[in-house]
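Notes for the one structure printed next.
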Amino acid sequence: MHDAPRRPPIIYRPDLQPRPQRLLFSSLTALAWIGWLYLFLPLVSLLAWWFGVDLFARFILEPEDPAHLLTLLRYFGVVLIAAAVIIAWSSYNLRRFGGLDRRKTIPPVSDVELCARFDIEPELLDSLRASRRVVLGLDAEGQIEAVGTADSCASNQRLRQIPPPYPVSVPSEPITR
């Protein structure tokens, strides 16, 4: 028996629908959501009563002293001014730097630079890369003074004398490219 490729039961391609049809379906969906949320109105009322929304309405929306309302309007004005400044600054930065990406990737350090910086032989670098676990002992200048794998640490007296964590310092001279 020949198996036909499975297709989804609903093909959702709103870009193929005419604009009035999309508007109708969106309106019906919004209306259905509003109706569904209306069913939770008693629960919302109970929570509002529990958290004191009636006190909010009494003291904030219908204050005995109109000066309280003026204070709230001033706070609202400050918030609007701050939002306008942030939006203006964001728009300015978007217009100025919108399409630019000035970040550059750092080129990888070559094996020659790595060997020169730590004063090691290329064969040692290859063997370190091939090992699963490597223990390095560094001196105060950041130079490698002891190298070992996890297996050789127990037998190497020199590595056991270096207290963990191994001292790491910033190189005195940067690696030049």
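The values are calculated or read from the model by the stated rules, or taken from the named source; none is laboratory data. Just so it is clear, the model here is predicted, and its values are computed rather than measured. Ideal geometry is used to build each Cβ from the backbone, glycine not excepted, and the neighbour counts take in all protein chains shown.
Among the candidates Tyr12, Tyr92, which residue alone is aromatic (Phe, Trp, Tyr) and modelled with pLDDT of 80 or more?
The conditions single out Tyr92.
Restricting segment 119-177 to residues that are of a type in the set (Ser, Thr, Tyr) and within 33 Å of the chain's Cα centre (by Cα), which is modelled with the lowest pLDDT?
My answer is Tyr166.
Go over the candidates Tyr12, Tyr92 one by one and state the one that is of a type in the set (Phe, Trp, Tyr) and surrounded by fewer than 10 Cβ atoms within 10 Å (Cβ to Cβ).
When all the criteria are applied, what remains is Tyr12.
Just name the residue that is farthest from Tyr12 (Cα to Cα) out of those in segment 23-77 that are outside any helix (DSSP H, G or I) and hydrophobic (A, V, I, L, M, F, W, C).
The residue in question is Phe51.
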